[in-house]
Amino acid sequence: MMINKKVSEIMTSDVITTTPEIDVVYAFEKLMEYKISSLPVVEDDKVIGIITQTDILRLIEKLES
């Protein structure tokens with residue numbers, strides 16, 4: 001099955017972002033508040049990474065072990 005759509009037709013354009021200096025707890029709160037699974041990390045108007053719920057859960061697991 002082929003989906004004949006361009007990314008621009010289905011992408012989210014009103015993106016919630018964060019900065020690299022933000023506290024992990026605050027980033028997690030943003031993920032929960034907006035019911036999203038990831039946050040692009042932006043610095044100087046450039047995406048430099050992404051933080052996901054999985055990243056945060058792995059950190060918690062590591063801290064608990």
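Within segment 30-44, identify whether any single residue is of a type outside the set (K, R) and over 13 Å from the mean Cα position of the chain (by Cα), and answer yes or no. Yes, that holds for at least one residue.
One residue alone among L39, L57, L31 is on the phi < 0 side of the Ramachandran plot, among the aliphatic types (A, V, I, L, M) and either at pLDDT below 95 or touching a Phe, Trp or Tyr at 6+ places or on another chain (Cβ under 6 Å) (or both), and that residue is L57. Report whether or not I3 is among the hydrophobic types (A, V, I, L, M, F, W, C), without any contact (Cβ under 8 Å) to a residue 60 or more places away in the chain and surrounded by fewer than 12 Cβ atoms within 10 Å (Cβ to Cβ). Here the answer is yes, as I3 does meet what is asked.
Where helices (runs of 4 or more DSSP H) fall wholly inside the chain, the ranges with 1 or more residues that are of a type outside the set (S, T, N, Q) and touching a strand residue (DSSP E or B) at 6+ places or on another chain (Cβ under 8 Å) are 24-33.
The values are calculated or read from the model by the stated rules, or taken from the named source; none is laboratory data. For clarity, every value in this text was computed on a predicted model and none was experimentally measured. With ideal geometry, Cβ positions are generated from the backbone for all residues, glycine too; neighbour counts draw on all protein chains shown.
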